[in-house]
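The values are calculated or read from the model by the stated rules, or taken from the named source; none is laboratory data. This is a predicted model, so every value here is computed, not measured. Ideal geometry is used to build each Cβ from the backbone, glycine not excepted, and the neighbour counts take in all protein chains shown.
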Amino acid sequence: MKKVLLIISVVLMSITTLISQNETDALRYSYLIPGGTARSMAMGGSFGALGADASNLMFNPAGMGIYRSSDFSFSPAFEITNTDANFLGSVANDYDFNFNINNLSYIGVIPVNSTNGLNNVNLGISYNRLNNFHENILIEGKNPHNSMTNWFAENGAGLSYDKLDNFYSDLAWQSYLIDLDLPDTTHYLSAFNGNYDQTQKQYISRNGSQGEYNFAASANIMHKLFIGVSLGLQSVRFTEVKTLHEIDTDDNINDFNSFSFKESLETSGSGINFKLGLIYSPMSWLRIGGAIHTPTFYKLRDNYYTSVNSSFEDGAKSTIWDSPYGTFDYEINTPFRANASLGFIIAKQALVNIDYEYVDYSMSRLRSNDYAFFDENTNIRKEYKNAHNIKLGLEYRYGPLSFRAGGAYYDSPYKSENHPNKNSYSLVYSGGVGIRGEFMYFDIGYAMVTNESSYYMYQGDIAANTSPVTDISKNQSRIITTIGFKF
């Protein structure tokens with residue numbers, strides 16, 4: 001019966017559009033742990049009120065007004081990302097190496113001879129890396145509870161075999177991983193027939209980055225008040241390949257050997273935002289800063305496809321089946337941001353800075369002319385919340401040498417107390433040294449970014465069709481160097 005229906009379905013099959021964009025995509029481009037110069041990274045990324053660092057252009061552009069001489073700097077970085085994945089007590093680990101440019105900037109100082117207190121106007125352009133998506137994750141263990149074939153069956157519920165979507169359930173149908181739950185011709189059963197304990201392995205490879213080009217202008221008024229504005233042009237490049245293998249290593253499942261399911265996604269696009277910042281120095285040893293960032297308005301394009309490879313003892317059922325290639329254009333609006341900073345200059349020898357940032361992740365939105373994203377935007381409002389990020393940086397100068405340390409706390413964006421990622425905050429520990437001459441400086445910084453999260457290889461509306469949770473621990477080491485010139 002299945003083989004007859006297979007021939008008919010090939011003739012009648014219609015291409016359907018997969019709308020894979022969801023609240024996860026909105027969060028990916030809103031949750032930022034940015035890079036920057038080696039000096040700022042060594043101080044936990046905390047430099048909002050101190051100014052005179054190229055990283056300020058992406059946080060508080062008023063800090064650029066504190067420059068007294070023109071400046072060019074270049075900050076290459078080397079990053080190592082380690083992940084440990086705990087799946088039903090089985091722990092697997094993997095890693096990724098990545099070399100990138102964290103910051104590249106030029107600041108020009110224009111002196112102004114003015115009687116109204118305007119000391120100088122500064123113009124700057126910089127590139128700062130906002131996110132590094134490079135990571136490899138390996139998950140492995142035996143699952144006695146369910147299979148992705150259960151998820152395929154649920155995903156096709158209510159549809160006749162010739163109407164299944166070409167990216168998921170239809171591939172499972174064509175490769176004999178699901179069958180009709182006869183006499184019902186719109187519901188499906190897993191080919192496993194309730195027998196599980198198969199080995200599951202999933203390999204996830206992610207690459208790409210999110211960066212921002214800032215074009216900024218600032219003014220220095222009597223060395224007391226600094227005002228800055230910037231236009232931010234962001235770029236996004238993200239690729240993800242996920243391959244899930246299910247293998248009947250102990251011969252528990254009749255006629256079944258193994259299958260693999262591959263999902264490939266490529267996202268690219270650009271965005272635009274504006275920033276306005278102020279820094280006020282009521283006393284020579286104190287600076288108070290604040291800035292607001294408009295939402296970033298992204299235009300993105302997704303290219304995606306899926307494929308399946310099944311193996312049965314009945315060789316006639318073993319097959320490889322590929323989906324069509326899908327493309328979808330859409331928009332993401334990230335949240336409005338606001339920050340406040342407090343900086344202290346102690347005896348012209350030590351610096352202390354505290355940054356606070358407010359972000360309401362529930363304000364992210366997905367938009368398209370071809371799809372309403374009603375359910376996805378509802379999920380954003382339900383799942384995400386406002387978050388409070390704190391950063392602290394310290395610097396001590398000893399002659400031409402500077403010693404730095406810092407830390408940062410990035411709040412979890414998840415709202416519900418029952419959400420598995422409610423405690424998925426990130427911590428940054430950092431330190432570094434620098435040496436400064438009259439016309440040149442060199443800095444090196446190290447930052448460790450840690451995060452823990454929960455992940456599901458597949459999630460159904462019915463709990464029995466959702467994979468057991470995988471607990472993922474990520475440690476990312478960033479080594480940043482900055483070479484700068486003053487003139």
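Among the residues of segment 455-473, those identified as within 19 Å of the chain's Cα centre (by Cα) and either surrounded by 15 or more Cβ atoms within 10 Å (Cβ to Cβ) or of a type in the set (Val, Ile, Thr) (or both) are TYR455, MET457, THR470, ILE472, SER473.
A single member of LEU130, LEU138 is touching a residue at least 40 places away in the same chain (Cβ under 8 Å), within 30 Å of ILE110 (Cβ to Cβ) and surrounded by 17 or more Cβ atoms within 10 Å (Cβ to Cβ), and it is LEU130. The one condition from (1) within 30 Å of LEU366 (Cα to Cα); (2) in contact with a Ser or Thr (Cβ under 8 Å, 6 or more places away or on another chain); (3) of a type in the set (A, V, I, L, M); (4) surrounded by fewer than 19 Cβ atoms within 10 Å (Cβ to Cβ) that ILE288 does not meet is (1).
Screening GLU417 against (1) modelled with pLDDT under 95; (2) within 16 Å of ILE33 (Cα to Cα) leaves a single unmet condition, (2). A search for C-beta distances below 8 Å between a residue of segment 83-108 that is at positive phi and any residue that is outside any strand (DSSP E or B), counting only pairs 6+ apart in sequence or on different chains, returns LEU88/PRO468.
Filtering THR149, THR115 for residues that are out of contact with any Asp or Glu (no Cβ under 6 Å at 6 or more places or on another chain), free of Cβ contacts under 8 Å to residues at least 24 places away in the same chain and more than 27 Å from TYR213 (Cβ to Cβ) leaves a single hit, THR115. Filter segment 392-412 for residues that are closer than 14 Å to VAL352 by Cα and among the charged types (D, E, K, R); which is surrounded by the most Cβ atoms within 10 Å (Cβ to Cβ)? Applying the filter and picking the extreme gives ARG404. Residues in segment 195-233 that are among the aliphatic types (A, V, I, L, M), over 31 Å from the mean Cα position of the chain (by Cα) and part of a strand (DSSP E or B) were compared, and the one that is nearest to ILE101 (Cα to Cα) is ALA219.
One residue stands out in segment 259-285 among those that are over 25 Å from the mean Cα position of the chain (by Cα) and within 30 Å of GLY208 (Cβ to Cβ): the one that is surrounded by the most Cβ atoms within 10 Å (Cβ to Cβ), namely GLY277.
Sort out for me the strands (runs of 3 or more DSSP E) sitting completely within segment 85-190 that have 1 or more residues that are among the polar types (S, T, N, Q).
Details: elements: 90-111, 118-132, 135-143, 178-180, 188-190.
In segment 85-190, the matching strands (runs of 3 or more DSSP E) lie at 90-111, 118-132, 135-143, 188-190.
Is it true that SER430 is among the hydroxyl-bearing types (Ser, Thr, Tyr), farther than 28 Å from PHE297 by Cβ, under 25 Å from the mean Cα position of the chain (by Cα) and surrounded by 15 or more Cβ atoms within 10 Å (Cβ to Cβ)? The answer is yes for SER430.
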